[in-house]
1. For segment A:309-332, state whether one or more residues are modelled with pLDDT of 95 or more, away from every other protein chain (no Cβ under 14 Å) and over 21 Å from A:PHE410 (Cβ atoms).
2. Would you confirm, using the coordinates I've provided, whether A:GLY30 is farther than 20 Å from B:THR48 by Cα, at pLDDT below 80, touching a helix residue (DSSP H, G or I) at 6+ places or on another chain (Cβ under 8 Å) and within 10 Å of another protein chain (Cβ to nearest Cβ)?
3. Test A:ARG118 against the criterion of being outside any strand (DSSP E or B), more than 14 Å from every other protein chain (Cβ to nearest Cβ) and of a type in the set (Lys, Arg), and give yes or no.
4. Does any residue in segment B:28-40 that is without any contact (Cβ under 8 Å) to a residue 24 or more places away in the chain and assigned to a helix (DSSP H, G or I) come within less than 6 Å, Cβ to Cβ, of a residue that is surrounded by 15 or more Cβ atoms within 10 Å (Cβ to Cβ) and small (Gly, Ala, Ser) six or more places away or on a different chain, and which pairs are these?
5. Where in segment A:373-469 are the helices (runs of 4 or more DSSP H), entirely inside, with at least 1 residues that are surrounded by fewer than 19 Cβ atoms within 10 Å (Cβ to Cβ)?
6. Name the pairs: first residue in segment A:8-26 and more than 10 Å from chain B (Cβ to nearest Cβ), second residue not basic (Lys, Arg), Cβ to Cβ under 7 Å, at least 6 apart or on different chains?
7. What pairs can you find where one residue is in segment B:165-186 and at the interface with chain A (Cβ under 9 Å from one of its Cβ atoms) and closer than 12 Å to B:VAL54 by Cβ, the other is of a type in the set (Gly, Ala, Ser) and part of a loop (DSSP other than H, G, I, E, B), and their Cβ atoms are less than 9 Å apart, with a gap of 6+ or different chains?
8. Test A:LYS280 against the criterion of being of a type in the set (Lys, Arg) and in a loop (DSSP other than H, G, I, E, B), and give yes or no.
Amino acid sequence: MRPINQIISNKPWLGWVIFGITVIIVFLFGLLASSIIERRAEAVFVNTPKVLLADYEPRNEEWAKNYPREYQSYMQTADTNFISMYNGNAFIDMLEIDPRLVVLWSGYAFSKDYYQPRGHFYAINDIQMTLRTGSPKLPTDGPQPATCWTCKSPDVPRIMQKIGPDSFYRSKWAGLGPEINNHIGCADCHDPKTMNLRITRPALVEAFNSMGKDITKASHQEMRSLVCAQCHVEYYFKGDGKYLTFPWKNGQSVENMEAYYDSVKFTDWTHGLSRAPMLKAQHPDYEVYTTGIHAQRGVSCADCHMPYKSEGGQKFTDHHIQSPLNNVSNSCQVCHRQSEAELVKNVNDLQTKVIEVRNRLEIVLVRSHVEAKLAWDKGATEETMKPVLDLIRKAQWRWDYVAAGNGNAFHSPTEMSRVIATGIELAQEARIKLSKILNKLGVDGEVPYPDISTKEKAQQFIGLDMAKLRTEKAVFMKTVVPEWKKQAEIREAGYSKN
Amino acid sequence: MRKIFKKLTPPPFWRVPVILALGIFIGSGLYIFYVSNAYSYLSDNPKTCVNCHVMTPQFATWTHSSHREVANCNDCHVPQTNFFSHYYFKGKDGLRHATIFTLRKEPQVIFIKEAGIEVVQNNCIRCHSHLFDIKEVSVYQKNHRSDRLCWECHRETPHGRVNSLSSVPNAKVPLPESPVPDWIKNVTE
């Protein structure tokens, strides 16, 4: 065969043919490339919103225009008809069920009023209604700081963007009343442009930083728990600025958080009876969950509390955030093949066992508070009481760590039993010391257990004037709250229309 | 060898145009390799399977299933018997998928094909072999587990029953991001 060189010089048209073929091939290559690009671009339109949402759009109804299914399921958090063995979503007065709580929280707002939390739908309503937030008349009135709003509304990140978290926390709760009117919702967890999960509360980011971790490195699966951990965690209000802070610097276990509180000499309140420097555990749901088997197997909060739901051939994340006990087939049974009845029984069994020992710790704690009060009344000195009070603080912190959470006894039954066991030991240690002190002060025999068989009796026992508190609250609900609502309506009327 | 090379070498007159043509040819080939994420297909990362967005329902349902923690796409959908059958099947199946996706021939509801069924069934057994172990189960059980496909009974495992292309609106799956590098975006913005 002759070199191509010669062929072409003999037949110049052949050169043009080769040229033409190359042109065609490159042209087809280009077509293939643009086809790939087009199909890639389609991915962008998989999620094309009907209306564009402003950054930090607080109105859930606006998001609903783009995501009606998610919104409708989310609004089912208004349901209050599910009652499980120990919890559920109904409006239940926990002080009525367990009047010992009144004594344990004597001197603290929780002794006035403590209801089982309802769904996210009621976030605004319930914080306005509870006696714990008091009845402020003026924007500068107490008793609570604006920090209490932090977890209640997507209006919070909106305001924090404007005034910064520092001045947010420094405001009074009543001061921001007119600014906050949308219940917990879309913008608390989602980026309005991409719908990606996003952390909107600075406290969690700061807590990660304090542990030397970077929350922006979290995977999507981790984010499906971390958006919940913005609120479902133990926290405290730091310093005069009431700066919302998670006590995670030394770690997230009950001992590590206690060590942190001890190191910064933090006290939530001084107990009304025993005068112990108390800690109030809030709801360390996330911390407790991480010690449980489900977290260790990579299961996120959303996997059980927001499982996939099928509706008319469409699958989507069920935003009806609730107890999986009310939705066993879509949550538990995705992995566990046992019958619904058996699974529910397993959960109830765990909770029953943990609550049994929790109740024992509760009784011992009531006794220790009552005995400490008697010691004070009989003239005990600060010096002799100090180690006792420290033990009471530590014991009740352990009790509260277990009691305050949502579903703790299921999320991590072994860890909860361990914490209660150490709590009982500490409380009894305090009582041994107290019995010696009382002996020296001339008190003989057992200190009688108070009659706290009902909420009313217990509140009377610790000296609360409930009638006054309720009347003030009724006035607040009738005068102040409607004014807040009116101002919020005027403000929102000025928002851009979609 | 040298002879062949010489024959293919273009005459001086044609050299420059041929270099340019070849450059364009190879360059556009590399571009296609890049925008199609071709390199990712060697991995076992499930993210690769949503390079084509029509796989979004399969990916989303898998991430909501119990298999998420223990098995990726290839563990079930590609033979795990040996290296050659693994990559032969993956290459064959992958090219078919790529072709159909490019030609826009995907059906509204994607069903698994005969060859895929066999692979998946074998992979079910690979991990769950104790369900067939005659030392652990009765002959009766073994027979009833061997004469049908696993998912004739376990119909929801792991993807649920029907996965039409529009069955998971708004699902968050790791779809490919824009192929344009950030520095160009920064320049053009």
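The values are calculated or read from the model by the stated rules, or taken from the named source; none is laboratory data. The model shown is predicted, which means the values in this text are computed figures rather than measured ones. Cβ sites come from the backbone with ideal geometry, for glycine too, and all protein chains shown count toward neighbours.
1. No, there is no match, as no residue in segment A:309-332 is modelled with pLDDT of 95 or more, away from every other protein chain (no Cβ under 14 Å) and over 21 Å from A:PHE410 (Cβ atoms).
2. No, not satisfied.
3. Taking the combined requirement at face value, the residue satisfies it.
4. B:TYR31/A:ALA33; B:ILE32/A:ALA33
5. Here the list reads A:382-403, A:413-440, A:455-462.
6. Within 7 Å, the pairs are A:LEU14/A:ILE7; A:LEU14/A:ILE8.
7. Listed pairs, sorted by first residue: B:SER166/A:GLY313; B:SER167/A:GLY313; B:SER167/B:GLY160.
8. Considered against the rule, which asks whether it is of a type in the set (Lys, Arg) and in a loop (DSSP other than H, G, I, E, B), A:LYS280 comes out as yes.
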